[in-house]
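Since the structure comes first, as structure tokens, the remarks are kept for the end.
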Amino acid sequence: MRHCPAIALSLGAVIQAGAASAACVPPDGAIALRSSGTETPVFFDMGTPLAPVSVPFAALLVLCNPADGELRDVTATMPAHGHGMNYRPTIRQDGAGAYRIDGLLFHMPGLWRIEAVLQAAGETRRYAAEVTAE
Amino acid sequence: MTGRALPALLMVLCLATGAGAEPPRLLLDPDEIAATLRHGPWPPPPPQDPSNRLSGNRDAISLGRILFTSPALSRDGATSCATCHRPDRMFQDGRATPAQARRLPRNSPALVDVAFNRWFGWDGRSDNLWSQSLLPLLNEEEMDMDFGRLKTAAGTAPWRPDYETLFGPLAYRSPEDVAIDISKALAAYQETLLSGPTPFDRFRDALAAGDLTAAAAYPEAAQRGLKLFIGRGNCALCHSGPRFTNGEFHDAAVGYFLPQGGVDPGRHRGLTLLRASPYTLDGSWSDDPDRTGAWAVRSVLDSHADFGRFRVPGLRNVARTAPYMHDGSLSTLGDVIAHYSTIDPERLHADGENILVPLGLSPADASDLEAFLRTIDSE
């Protein structure tokens, strides 16, 4: 496995995202993941608008309000193909309401659906959005 | 320059070449140009493996080259790595399967560009090149050695002085040390087996540079084949990037029943062996204190669909590496194209990924696709 340039990009985005979350302004290029249970999105920042193909990358997930919940899981699937990722990403809290996700790898070009599972007060909410890998 | 940035005139570019001559044309639309650019540039920077302290070491590469052809590393004294990975055949052997591989017959893969892999072997049982290099030495159907025999062989081999220059006195190395030393030298050598630029790369680089005149010189049949490859054929879903592989594992509807009975479980067994191995990037035999790349072995997921999945091979020099598929069951490029054209969905996992469908290629389509594939052979 070789180093991934996207990881370095996202490391830079960590600082931006941390600052942005206080005012609930998404980091530049971040994608809003939405849940049917709330109008407040969470933001998924890959440091680049398009995900790389078959290269591991990191991302930052930022909650507008840390009280919205704790991040429990992040998955990604290709709806058109009916498969997910071949790897389980690791999640590490990186400040209040901010999480760093490592080990994401989209092994095919095309549309991927990212889903983040948050839990708060016994309630589980699933936030999702689609991103393109190419 | 990206394909999207190119002006619409690229839809069909006609360049005059003189009276009476058929003008070369560029047949790709902007989206196709963008997709084409993603298959380069080539070559990439030389590979380096931090888990192997010998990676890039000239003395180790030289020793690895000697070891690669050394029959001293086999129990029968007649077999070397080069027996199945022939330097004159892109480091494969041109056979469907090695004659001696009876229990698990798999095609000997070409080793050119192997250093860029994420996973090694058809089932990905190794996550690094040096541990993969160890396996044939120990496999009873290949070199059939063990750690003790390898150390004994090193003691009398003509390359012993070179070994001791790199690793110190043989007497101070344990049998397992010697086996790993040999594997890491073999890996250092194999990292140097890199393919050169191809006619496709010249085409791709011309597009990237905006040199449309040069790009239009790429044969039209190859352009039509490329359009199929990145378009209707969906080949680039798995054969993506500069190496034309995503480095992962898929079910290509090749039968996994073995001639002698039983099945080849593919990636399913590969993962079992990987996790049992002490020689992964996450293990103590790695020379990399940062455990670079170990995330993959730590986080790779199991799936029942792994059964019968095999690693997607890169396609550079594909025309020179027949026969094809993990079991060598398809003899020619034409056979491979016919396989995907008429693929039987019944042979795929019923609840696996929904990707492969019969392409229904016409003879002209198949000819174009093969013409394209032949342009990713090194010049």
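Bear in mind that the values in this text are calculations on the coordinates, not laboratory data. Being a predicted model, the structure only gives us computed values, none of them experimental. Positions of Cβ are backbone-derived with ideal geometry, glycine not excepted, and every protein chain shown enters the neighbour counts.
What's the angle, to the nearest 10 degrees (0 to 90), between helix B:363-374's Cα axis and the longest principal axis of chain B? The answer is roughly 50 degrees. Computed over chain B, the convex hull of the alpha-carbon atoms projects to a mean area of 20.8 nm². In this calculation the C-beta distance from B:ALA319 to A:GLU115 is compared with R0 = 35 Å, giving a FRET efficiency of 0.25. With a simple spin-label model that places each label point 7 Å from the Cα along the Cα-to-Cβ direction, the separation between B:ALA364 and A:THR132 comes to 3.1 nm. Simple point charges give the picture: +1 on the Cβ of Lys and Arg, -1 on the Cβ of Asp and Glu, and for the protein assembly as shown a dipole about the Cα centre of about 440 debye. First select every other residue whose beta carbon is under 11 angstrom from the beta carbon of B:ASN246; then total the charges, Lys and Arg +1, Asp and Glu -1. Every neighbour counted, the sum reads +2.
Rounded to whole Å, the principal axis extents of the Cα atoms in the protein assembly as shown read 73, 73, 45, largest first.
Considering only DSSP states other than H, G, I, E and B, which trypsin sites (Lys or Arg not before Pro) in region A:34-114 qualify as loop sites with at most 11 other Cβ atoms within 10 Å?
Qualifying residues, ordered by number: none.
Positive contributions from Lys and Arg (+1) and negative ones from Asp and Glu (-1), summed over other residues with Cβ under 9 Å from the Cβ of A:ILE31, come out at -2. Among the trypsin sites (Lys or Arg not before Pro) found in region B:194-265, those both in a DSSP coil and sparsely packed, with 16 or fewer other Cβ atoms within 10 Å of their Cβ, are B:ARG232. For region A:26-101, the normalised intensity computed at q = 0.15, 0.17, 0.22, 0.25 Å⁻¹ comes to -0.56, -0.72, -1.17, -1.39 (log10 of I(q)/I(0), Debye sum over alpha carbons, equal scatterers, no solvent).
Averaging Cα coordinates gives a centre for region A:102-134 and one for region B:99-137; these two points are 33 Å apart.
In square nanometres, what is the average projected area of the Cα convex hull of region B:27-140?
9.9 nm²
Helical content of chain B, expressed as a calculated mean residue ellipticity at 222 nm, amounts to -9500 deg cm²/dmol (DSSP H runs of 4 or more residues, -39,500 (n - 2.57) each, divided by residue number, nearest 500).
Here each label is just a point 7 Å from Cα along the line to Cβ, and for B:THR156 and B:ARG53 those points are 3.0 nm apart. Average projection, convex hull of the Cα set of region A:5-133: 7.1 square nanometres.
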